[in-house]
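Read-outs throughout are calculated quantities, based only on the coordinates presented, and are distinct from any laboratory measurement. Everything quoted here is computed from the prediction, not taken from an experiment. As a convention, Cβ positions derive from the backbone with ideal geometry for all residues, glycine included, and neighbour counts pool all protein chains shown.
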Amino acid sequence: MNESDDPDRKSQRHAMVAEQIARRGVRSARVLAALERVPRHRFVSEDLLAHAYEDRALKIGGGQTISQPYMVAVMTECLEIGGCERVLEIGTGSGYQAAVLALLAREVFTIERNESLACSARERLSSLGYNNIRVIWGDGTIGDSEHAPFDALLVAAAAPAIPPPLLGQLAEGGRLVIPVGDAEQQTLTRIRKTGGRAIEERLFACQFVPLRGRYGRPEATV
Ligand code: SAH
């Protein structure tokens with residue numbers, strides 16, 4: 001991995017993991033180590049560099065955001081990734097969450113519907129040396145039938161309901177984490193497929209940008 005990092009960024013990242021993530025209850029050593037490693041400052045624009053390790057979501061252009069580090073950590077932990085999984089993410093955005101997943105899983109497919117975000121995430125991830133991530137430009141609510149089934153599936157945008165194709169593309173024993181709710185507030189929800197059945201757990205309240213597309217929210221009218 002070409003992380004070409006300076007010591008200041010490393011110590012900012014260390015503090016981020018200790019104060020924002022471990023202190024709030026994320027326990028998985030593998031998840032904490034991945035968050036310590038991914039250079040979050042390389043996923044934000046120049047003008048936000050000084051804010052890259054703060055405890056909040058940041059704007060990445062096109063009205064979208066890179067999620068708060070804590071949310072990235074919690075969602076990743078919920079997926080219980082052991083190392084040999086095939087993972088699908090919906091909503092690549094900057095590519096940060098995909099990079100975290102790529103350190104933990106065998107391969108990551110990530111779908112972004114905004115073409116310019118998809119292109120810049122693809123370039124960024126490849127220049128950083130993440131070679132087990134495939135960025136796909138398209139509507140993630142229909143999933144990726146070509147590469148299914150997935151052991152873990154993460155939706156990084158707010159869905160009005162769980163898109164049926166995603167459930168269909170989850171492997172037996174697989175986990176799906178997704179914020180479900182209206183535009184203002186959602187509940188982070190985990191689905192586990194067991195014996196062909198989807199077992200749902202509602203975790204906590206959260207706030208994400210809307211999931212658009214076929215099984216998402218209709219386009220906002222101006
Ligand atoms: N995971 C990202 C942040 C995601 S923000 C990161 O680490 O930076 C949510 C993203 O979901 C936005 O980029 C938005 O364009 C995208 N999105 C919304 N609806 C989508 C859909 N149907 N398919 C794929 N991406 C979608």
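Here are the numbers:
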| item | result |
| --- | --- |
| Fewest-first sequence of R175, R214, R122 by Cβ atoms within 10 Å of each Cβ | R214, R122, R175 |
| Cα point-scatterer Debye curve for region 1-125, base-10 log of I(q)/I(0) at q = 0.23 Å⁻¹ | -1.57 |
| Gaussian network model of the chain, springs between alpha carbon atoms under 10 Å - residue of A152, A161, A102 with greatest fluctuation | A161 |
| On Cα atoms only, tilt of 115-127 relative to the major axis of the chain in degrees | 50 |
| Region 1-122 - share of DSSP beta bridges that are antiparallel (%, nearest 5) | 40 |
| Theoretical gain in end-to-end length, K10 to E123 [0.36 nm per residue, Cα-Cα removed] | 38.4 nm |
| Net charge contributed by nearby residues that have their C-beta within less than 15 Å of D139 (K/R +1, D/E -1) | -2 |
| Dipole magnitude of region 109-222 about its Cα centre (Cβ charges: Lys, Arg +1; Asp, Glu -1), debye to nearest 20 | 200 |
| Positive-pole candidate from A159, L58, L79, dipole of the chain, charges at beta carbon | L79 |
| Lys, Arg +1 and Asp, Glu -1 on Cβ, resulting dipole of the chain about Cα centre, debye, nearest 20 | 400 |
| Counted charge near A118, where neighbours are those whose Cβ lies closer than 15 Å (Asp, Glu -1; Lys, Arg +1) | -1 |
| Given charges at beta-carbon only (K, R positive; D, E negative), |dipole| of region 1-54 in Debye | 440 |
| Residues of region 192-222 with amide N under 20 Å of the 7 Å Cα→Cβ point at A183 | 206-222 |
| Ranked T187, T194, criterion: other C-beta atoms within 10 Å, fewest first | T194, T187 |
| Cα gyration tensor, the chain - rounded (a/c under 1.5), prolate or oblate | rounded |
| In region 180-222, the GluC sites (Glu not before Pro) that fall in loop regions by DSSP, at most 10 other Cβ within 10 Å | E184, E219 |
